[in-house]
Structure formats: structure tokens, C-alpha cells
Amino acid sequence: MSKKSGCLIALLIFALVVSVGLNLGLFIAKLDGAALHSTAQPKKRLSEVTLEAAKNPTADKIVHLNLEGVISSMEMGGLFGEAMPSVESLKHSLEQAVADKNVKAIVLRINSPGGEVTASDIIYNAVKTAAKVKPVVVYMDAMAASGGYYVACGATKIVASETTLTASIGVIIETMNYSELFGKVGLSMATFTSGAFKDSLSGARPMREDEKAYVQNLVMQMYDRFLGIVSAARGVPKETLKSTVADGRVVTGREALAAKLVDQIGYVEDAYALARELGKAADAAVVKYRHEVSLFDAFGLASAKTAQPARVQFDVSSGLLPKLQPGVPYYLPAHYAH
């Protein structure tokens with residue numbers, strides 16, 4: 001047998017092995033999916049990575065968690081789901097930290113301009129729930145504005161850097177109106193609705209005055225809730241907030257301290273020190289949770305959604321931030337909405 005023939009046979013055998021392996025993986029994934037439909041699966045325990053070793057031999061730990069980027073309820077499966085933690089994964093991390101008797105406190109690093117109103121509120125509630133059991137210290141990185149600050153209000157204490165941009169206490173809803181453009185190009189839109197407000201925020205026609213009042217009322221209801229949460233968390237009257245920093249402005253960490261929006265100025269190491277103090281664990285190690293990603297997880301094969309994978313679209317023309325949806329309320333600085 002020639003050398004060339006031997007190489008060809010080896011290549012065919014390799015291809016066969018790979019094919020069998022992939023088909024076996026798909027078969028197992030389908031079985032997992034069927035199991036998920038029939039019975040609830042326990043949440044996968046997160047592994048730990050040590051960021052700072054214990055100062056003296058002890059089992060005490062401080063858990064470091066991250067809230068990074070625009071806060072969204074969007075779920076991404078597979079590899080992206082692990083790279084971009086969702087609302088549910090952050091809740092899972094908080095629950096594991098609370099349940100672990102060796103975890104004495106939690107440090108939540110926030111680097112976010114805010115995001116969706118409901119997603120921000122869900123995370124805020126999860127942080128507040130955890131803080132009732134164990135101290136939660138928020139460390140504000142470059143930005144913890146609007147929804148990012150909303151989440152921070154659930155913590156026991158807040159540490160901000162001198163250069164952190166925070167506050168932006170407010171709500172924004174935007175839409176685009178292109179009715180005049182329709183007139184210029186000879187287009188029109190026929191819309192059939194069941195009520196006068198069903199097509200509010202439609203860009204195909206000018207907005208009526210009663211619609212403007214209706215949408216503004218929605219915004220003010222959400223703003224009033226935001227204001228109430230800040231007031232209760234920081235011990236500052238709502239009227240005082242309204243007349244000072246709660247008008248949508250972004251402030252620095254130092255200005256936030258003067259306005260009683262944060263507890264101290266410092267770096268993440270200061271947040272660790274404060275967490276050790278509050279958790280009465282002076283020698284505690286600092287650990288970070290890590291999601292273990294298998295080959296099947298990476299490609300979304302071990303999910304109940306295998307048969308109908310979610311379609312993910314990226315618009316590279318609009319930059320790296322997610323495109324905001326018209327008509328959706330956000331806790332975001334205004335410049336993030338454009």
C-alpha cells in the first residue's frame with residue numbers, strides 16, 4: 001500500500017470518528033432537552049477563582065461579582081450566554097453566595113450606564129434580598145449611572161471612585177417620527193387599531209397632545225419609583241433629591257458623596273476591606289465565580305432550545321452598544337439613547 005493511500009485511509013477514519021462524535025453529542029443534547037421539558041433541572045454550581053488569597057488560614061470568603069454593560073433582559077444562549085451574564089445568571093450568583101456559609105460578604109462591581117427599567121428593577125431586588133442576609137458592598141467603576149445606580153441602591157454600602165460617573169436619576173422613552181418624510185416621498189401608512197392609544201409612539205403620524213400626556217405620565221410613574229428607592233436607600237427626602245441631583249444629570253464620585261448618594265470614595269480594594277469589616281472576616285479570601293462551559297454549552301447544544309435556536313443579530317453600523325428599542329422605558333443617560 002502506497003504512502004498516499006495510507007494517508008487517505010487515515011483521513012477517512014479521522015473524519016468518521018469526528019462524525020460519530022458530533023452525532024453522539026447531538027443525540028445526548030436532544031435527550032437533555034427532553035429531560036428539561038419533563039423535569040426541572042438543578043442550577044449548575046458555579047466554580048471559584050481566587051482573586052486574593054486569605055491573609056491567614058481560614059475558610060471565610062468574600063465573593064466578587066460583576067455587573068457590566070447595558071442592563072438588558074435579553075437572553076443569549078451558548079458561549080455568548082456565558083461571556084455576557086444575564087439577569088438570571090447574576091441572580092444565580094447572588095443566591096449561591098448567600099447559601100454558602102463560608103461567604104461572609106459580597107462585593108458587586110458595577111460598570112454600567114443603566115438599561116431597561118424592568119431588568120434594572122429585578123437585579124436591584126435580587127441585591128436587596130441578598131443584603132438582608134449578608135453585607136453587599138457595591139463598587140462603582142467607570143460608570144454606575146441611571147439603572148446602574150438604581151441597582152446599587154439595593155446594597156448595604158456603596159463605594160465610588162473619584163472619577164466614577166453616577167446618578168443620572170431619571171427615565172427616558174424615545175421614538176422616531178418620520179411622518180413628514182412620508183409626505184415628501186409620497187408614502188402613507190394605514191393603521192387599524194382597537195383603541196385611540198394602541199398605536200401611540202407610531203412614527204408614521206404626528207403625536208397627539210393626549211398621547212404626549214399619556215407617555216409622559218408613564219415616564220413620571222417610573223421616575224417616582226426610582227426617586228422613592230433612592231430616597232429610602234440613602235435617607236434623603238424626595239423633594240431634596242428633585243431639587244438637586246435627581247434631574248437626570250450625571251455626577252462624579254466626589255459629587256455623589258457630597259449629595260449622600262454614596263458612602264465613601266475608594267477603589268475596589270477599599271470595597272474588599274469594607275466587605276471584610278462588615279462581614280467580620282478580616283482574613284477572608286476574595287473569590288470570583290466562573291461559569292464552566294462545556295463544548296456542548298459553547299454551541300448551545302445542551303439546551304432545551306436546541307431544536308429552535310434563538311437568532312442573534314448584530315448591527316455593526318450602530319457601534320458596540322445594543323440598539324435601544326423605540327417605546328421601551330430605560331434608566332439611561334440621554335446620550336446612550338441616540
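The values are calculated or read from the model by the stated rules, or taken from the named source; none is laboratory data. From a predicted model like this one, the values you see are computed outputs, not experimental measurements. Neighbour counts run over all protein chains shown; Cβ positions are idealised from the backbone, glycine included. For accessibility, only protein heavy atoms count, side chains too; no ligands or nucleic acids. Shrake-Rupley method; radii C 1.70, N 1.55, O 1.52, S 1.80 Å.
It is to be established whether one or more residues within region 201-208 are at pLDDT below 95, of a type in the set (Ser, Thr, Tyr) and open to solvent by 80 Å² or more (accessible area, probe 1.4 Å).
no
What's the total number of residues in region 207-232 that are among the hydrophobic types (A, V, I, L, M, F, W, C) and more than 15 Å from Ile173 (Cβ to Cβ)?
Looking only at that region, the number is 4.
Return the pairs, sorted by first residue and then second, in which the second residue is in a strand (DSSP E or B) and not aliphatic (A, V, I, L, M), the first residue lies in region 100-121 and is free of Cβ contacts under 8 Å to residues at least 40 places away in the same chain and surrounded by fewer than 24 Cβ atoms within 10 Å (Cβ to Cβ), the beta carbons are less than 8 Å apart, and the residues are 6+ apart or on different chains.
What qualifies is Asp100/Lys61.
With (1) part of a helix (DSSP H, G or I); (2) open to solvent by less than 90 Å² (accessible area, probe 1.4 Å); (3) at pLDDT below 95 as the list, and Gly327 as the residue in question, which single condition is left unmet?
Tallying (1) part of a helix (DSSP H, G or I); (2) open to solvent by less than 90 Å² (accessible area, probe 1.4 Å); (3) at pLDDT below 95, Gly327 fails exactly one: (1).
Let's see how each residue does on (1) more than 15 Å from Gly253 (Cβ to Cβ); (2) outside any strand (DSSP E or B):
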site	(1), (2)
Val107	yes, no
Ile110	no, no
Val133	yes, yes
Tyr139	no, no
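Scanning region 39-85 for residues that are modelled with pLDDT under 75 and open to solvent by less than 90 Å² (accessible area, probe 1.4 Å), which turns out farthest from Ala119 (Cα to Cα)?
Applying the filter and picking the extreme gives Thr39.
Taking region 155-165 as the search range and keeping residues that are under 13 Å from Arg109 (Cα atoms) and not charged (D, E, K, R), which one is nearest to the chain's Cα centre (by Cα)? It would help to see each step written out before you state the result.
Quick first cut of region 155-165, residues under 13 Å from Arg109 (Cα atoms) only: 155, 157-161, 164.
Among the residues that remain, those that are also not charged (D, E, K, R) are: 155, 158-161, 164.
Working: Ala155: 16, Ile158: 18, Val159: 19, Ala160: 19, Ser161: 21, Thr164: 19 Å.
Selected residue: Ala155.
(1) at pLDDT below 65; (2) loosely packed, with under 12 Cβ neighbours inside 10 Å; (3) not acidic (Asp, Glu): which one isn't true of Lys280, the others all being true?
(1)
Can you pull out every residue in region 203-225 that is assigned to a loop (DSSP other than H, G, I, E, B) and touching a residue at least 12 places away in the same chain (Cβ under 8 Å)?
If the condition is that a residue be assigned to a loop (DSSP other than H, G, I, E, B) and touching a residue at least 12 places away in the same chain (Cβ under 8 Å), then Gly203, Ala204, Arg205, Pro206, Met207 are the ones that fit.
Filter region 172-195 down to the residues that are part of a loop (DSSP other than H, G, I, E, B) and open to solvent by less than 60 Å² (accessible area, probe 1.4 Å) and list them by number.
Result: Ile173, Gly195.
Which condition number does Arg234 fail, the rest of (1) surrounded by 14 or more Cβ atoms within 10 Å (Cβ to Cβ); (2) charged (D, E, K, R); (3) modelled with pLDDT of 95 or more; (4) farther than 30 Å from Val133 by Cβ being met?
Among (1) surrounded by 14 or more Cβ atoms within 10 Å (Cβ to Cβ); (2) charged (D, E, K, R); (3) modelled with pLDDT of 95 or more; (4) farther than 30 Å from Val133 by Cβ, the lone unmet condition for Arg234 is (4).
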